[in-house]
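> Would you mind keeping the following structure in view while I ask a few things?
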Amino acid sequence: MSRFSQLPFLRSFNCIERNEAHRIGAWHRCASVWIIRQKAGKWQVLLQKRSANKDSYPGCFDTSSAGHIAAGDEPLATIIRELEEELGIKSQAADFTFIGTFHNCYDEVFHQTEFKNREVSFVHVYSKPVDENKLVLQKEEVSAVAWFDLDEVWEKAQAKDPDFCTPVGGLKLLREYLQKL
């Protein structure tokens, strides 16, 4: 059991279904992972392009992989499951570095439906080699993947580029982590 599950208010976040949480704006937990590499001396991040039928930010480039943490689950278990489901990457706990948490709060409308997000996101990094051409994408979730320079993604997130929905809070944690390496 992680130190985060010891906090009662965090354990209770995910006692309702995902759709209901976003309908009423209930706080919930999410786990995300940034897949990174260095190329030509610059940090790059693998982003997934969300499928057109996603209930939020359809067709936008997003975090490498992420998902809601079910009641009773731990962030790391969620990351391992989501990475395999969405991208076909088999991993284990030792493959990840936890880099922090952030709050991600917004109200938007997608497909003519209100979407209220209130989440605490547990952010991880995965730096093992990944060949984007060998990934098995979950078509319901992901339509494509691509490598981007981290600085470019940061600028697009700051400018609220409509083709990107990468959370600024997660990118900030990633940039701070990489500056320490």
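> Tell me, which residue of region 76-113 that is within 13 Å of the chain's Cα centre (by Cα) and among the charged types (D, E, K, R) is least open to solvent (accessible area, probe 1.4 Å)?
Top of the filtered list is E86.
> Tell me which residues, restricted to region 56-76, are polar (S, T, N, Q), within 19 Å of F148 (Cα to Cα) and either part of a loop (DSSP other than H, G, I, E, B) or touching a Ser or Thr at 6+ places or on another chain (Cβ under 6 Å) (or both). So that I can check it myself, show each step before the final result.
We begin by selecting, within region 56-76, every residue polar (S, T, N, Q); these are 56, 63-65.
Imposing the further condition that a residue be within 19 Å of F148 (Cα to Cα) reduces the set to 63-65.
If the condition is that a residue be polar (S, T, N, Q), within 19 Å of F148 (Cα to Cα) and either part of a loop (DSSP other than H, G, I, E, B) or touching a Ser or Thr at 6+ places or on another chain (Cβ under 6 Å) (or both), then T63, S64 are the ones that fit.
> Under the condition of being crowded, with 16+ Cβ neighbours inside 10 Å and under 20 Å from A26 (Cβ atoms), which residue from region 54-69 is nearest to the chain's Cα centre (by Cα)?
The selected residue is A66.
> Now for a different question. Checking the conditions here, which among D73, D149 is open to solvent by 20 Å² or more (accessible area, probe 1.4 Å) and more than 26 Å from I24 (Cβ to Cβ)?
Unique residue meeting the criteria: D149.
> Take the conditions within 19 Å of R50 (Cβ to Cβ) and charged (D, E, K, R) and apply them to E141. Does it pass?
yes
> Identify, by number, the condition in (1) over 14 Å from S65 (Cα atoms); (2) in contact (Cβ under 8 Å) with a residue 60 or more places away in the chain; (3) touching a strand residue (DSSP E or B) at 6+ places or on another chain (Cβ under 6 Å) that C105 doesn't meet.
(2)
> Could you check E140 against (1) over 15 Å from the mean Cα position of the chain (by Cα); (2) surrounded by 18 or more Cβ atoms within 10 Å (Cβ to Cβ); (3) of a type outside the set (G, A, S) and say which number it fails?
Going through (1) over 15 Å from the mean Cα position of the chain (by Cα); (2) surrounded by 18 or more Cβ atoms within 10 Å (Cβ to Cβ); (3) of a type outside the set (G, A, S) one by one, E140 breaks only (2).
> Still on this structure, please answer the following. Kindly indicate the residue of region 162-181 that is surrounded by 14 or more Cβ atoms within 10 Å (Cβ to Cβ) and assigned to a loop (DSSP other than H, G, I, E, B) and also farthest from the chain's Cα centre (by Cα) among those meeting that condition.
Step by step, filter region 162-181, then rank; the result is C165.
> Follow-up question, since we're still on this one. V45 - would you say it is under 13 Å from F122 (Cα atoms), modelled with pLDDT of 95 or more and of a type outside the set (S, T, Y)?
no
The values are calculated or read from the model by the stated rules, or taken from the named source; none is laboratory data. Please read all numbers here as calculations on a predicted model, not as lab measurements. Virtual Cβ from ideal backbone geometry, glycine too; neighbours counted across all protein chains shown. Heavy atoms of the whole protein, side chains included, go into the accessibility calculation; ligands, DNA and RNA do not. Shrake-Rupley method; radii C 1.70, N 1.55, O 1.52, S 1.80 Å.
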